[in-house]
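Note sheet for the following structure.
Here, each number is a calculation from the coordinates, and none is a lab measurement. Computed from a predicted structure; not experimentally measured. Here the Cβ positions follow ideal geometry from the backbone for every residue, glycine too, while neighbour counts run over all protein chains shown.
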Amino acid sequence: TFCRPFVPVHIKHHRTMSTINPSFQEAIKVTPEGPNKYSAFLRPEWCIGTGKQNPCKTNLPLTKANIPLVPHGGYTTAVIYQLTLTHFAHAHPKQYKSAASPISIQLSFLRRTASGPVTFEVEDVKIGARTSTIHIKLLQPSEKKPGQLDIMVAGYVTVSPPDAEIGISANTGWKPYP
């Protein structure tokens, strides 16, 4: 459940992101849990809403004054970005000469996420020489089916290493306006 206190989990990171605020880097941390399974903790500091609704099951009606804390979509996307980096460092460390990073992210937010632990499942859809695509699922405990996990966010992420960009560049004449 989401009612237990936050207990930080310490892991070794495959790479550091020195340009990111250390507290944000901690907030987007993803931990490998097994083949194509990962965990993370969506932090309440990165939530939106009033937080007046008790996250431990309540019968209060959902109104403007009673909106639960929900992790911001941009923050959740940053955790998924980190999931992708962690997955390729963990599952495909020798796939590319340099670390691949996301070049395309398509996500569907199917259900409201909640602050607390999440489980990720990753499926390698296409692992290629220049680009690779994975399918991700963010899972959390179901509000309607106790003891089961629901897919809260699903999507596809395509990655490519920077050195995979080859070919000519054309002068397009584009310039900022005004």
Around D124: net Lys/Arg minus Asp/Glu count, Cβ-Cβ under 14 Å
+1
Overall form of segment 124-178 per C-alpha gyration tensor (a/c, 1.5; a/b vs b/c)
oblate
So, by mean Cβ neighbours within 10 angstrom, what's the order for 128-141, 160-173, 78-91, 96-109 with the highest one leading?
78-91, 128-141, 96-109, 160-173
Within the set K29/K126; K37/K144; K37/K126, which residue pairs have Cα atoms separated by over 19 Å?
K29/K126; K37/K144
